[in-house]
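Please see the structure below; I have some questions.
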Amino acid sequence: MISACPNCGKPLNLTEGQQQKIDQAVAALPPGKSLKFNCPNCHKPIEVQREDSAGGRQPAAKRSASPAGQGLPEPPGPPDRSWLERGDLGSGEVLEDVPQVMILVKDEQTKADIAQYFDDMGYKAVLPRTPEDAIERMRFSNFSALVLHSGFEGNLAGSTVHAHMQGMAMPKRRYIYYVLLGPEFHTLYNLEALSNSANLVINEADLSAFPLVLKKGLRDYDELFGPYLAALQSMGKR
C-alpha cells in the first residue's frame with residue numbers, strides 16, 4: 001500500500017476504493033513490469049512495482065530520480081529577482097530612517113509637483129505606474145503617506161488601490177497618512193475624508209496650495225491621534 005508521494009512527500013489521500021484498485025493492478029502485473037500514475041499534488045510520475053518478500057508479494061513505490069539525489073525532494077527554485085528591476089530591496093532596510101510617500105497620479109506634471117512638495121518635507125517619493133505594482137510595494141515596504149488621484153484607475157469606486165487601503169489591517173493602516181486628490185472632493189472636508197476612509201481630501205483646483213493644506217492636515221492628525229499612537233507604542237503595540 002502506498003500512502004504518500006515518494007517525490008514531494010505529500011499524502012496521496014486515496015480513497016479505499018482507489019487504493020484497492022492500485023493494489024489489484026500491481027498484484028496483476030507480470031514480473032519486471034510496473035504501474036505508473038501521476039501524483040495529484042506535484043504531478044510527477046509515481047512508479048509502483050511488485051516486490052517479493054517473506055510475507056508475500058506487496059506493492060512498493062519506486063521513486064523517480066531528482067537533481068537533489070535518489071529519493072530526495074526537489075530543491076527550491078531560484079530566488080525572486082524582480083527587486084533588481086525595481087532598484088530597491090522591497091523591504092525598506094536601506095531607507096528605513098527616511099519616510100516614504102507613494103504618489104499615484106496619472107498627470108505627469110501634477111505628479112512631479114506633489115513629489116517635489118514631499119521632497120521639500122524630507123520624504124522620498126515612490127511613483128508606481130500600475131496599481132498592481134503599488135499594492136505589491138505596500139506589502140513589502142512601509143509608507144508614511146500615500147496620495148491617490150481618484151482618476152488613477154478611472155474612478156474611485158473601481159480603484160483596487162483604494163479598496164486595498166480600505167481593507168488594510170489597522171496596525172499598518174494607522175501609520176499611513178492617506179490623501180485623496182480629485183475634482184469631486186472638497187479640500188479639508190474631514191467628513192468627506194472619513195466617509196472615504198482617508199485622512200485628507202483635496203480638490204485638484206487647490207493643488208497650488210497643496211503644501212499648506214498638507215501641513216494643516218498633518219498637524220490636525222497629530223493633535224487628534226498623536227497621544228493614542230504614543231500610548232500604543234508605550235504598551236508595545238502598533
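The values are calculated or read from the model by the stated rules, or taken from the named source; none is laboratory data. Here the structure is a predicted model, which is why all the values come from computation and not from measurement. SASA here: full protein model, heavy atoms, side chains in, ligands and nucleic acids out. Shrake-Rupley method; radii C 1.70, N 1.55, O 1.52, S 1.80 Å.
For the range 111-227, go through all pairs of different Cα atoms, get the mean of 1/r, take its inverse, and jot down that Kirkwood value in Å.
On the way: mean 1/r = 0.0686 Å⁻¹.
Kirkwood hydrodynamic radius for the range 111-227: 14.6 Å.
Excluding residues fewer than 8 places away in the same chain, name every one of the lysines whose C-alpha is closer than 20 Å to that of residue 111.
124, 215
Shifting gears a bit: Take the solvent-accessible surface of the protein heavy atoms, probe 1.4 Å, and return the percent of it on the range 164-211 that carbon and sulfur atoms account for.
Reported share for carbon and sulfur atoms: 59 percent.
Per residue, what accessible area does the range 121-215 have, given a 1.4 Å probe and all protein chains present, in Å²?
47
Could you tell me which of rounded, prolate or oblate describes the range 97-144, using a ≥ b ≥ c as the square roots of the eigenvalues of the alpha-carbon gyration tensor, with rounded for a/c under 1.5 and, failing that, prolate when a/b is larger than b/c and oblate otherwise? Walk me through the numbers on the way to the answer.
Working: a/c = 3.68, a/b = 1.10, b/c = 3.35.
Oblate is the answer for the range 97-144, as a/c is 1.5 or above yet b/c matches or exceeds a/b.
Multiply the residue separation of residue 23 and residue 174 by 0.36 nm, subtract the distance between their alpha-carbon atoms, and state the gained length in nm to one decimal.
Between residue 23 and residue 174, full extension yields an extra 48.5 nm.
If a/c stays under 1.5 just call it rounded; otherwise compare a/b with b/c (prolate if a/b is bigger, oblate if not). Do that for the range 172-213, with a ≥ b ≥ c from the square roots of the Cα gyration tensor eigenvalues.
oblate
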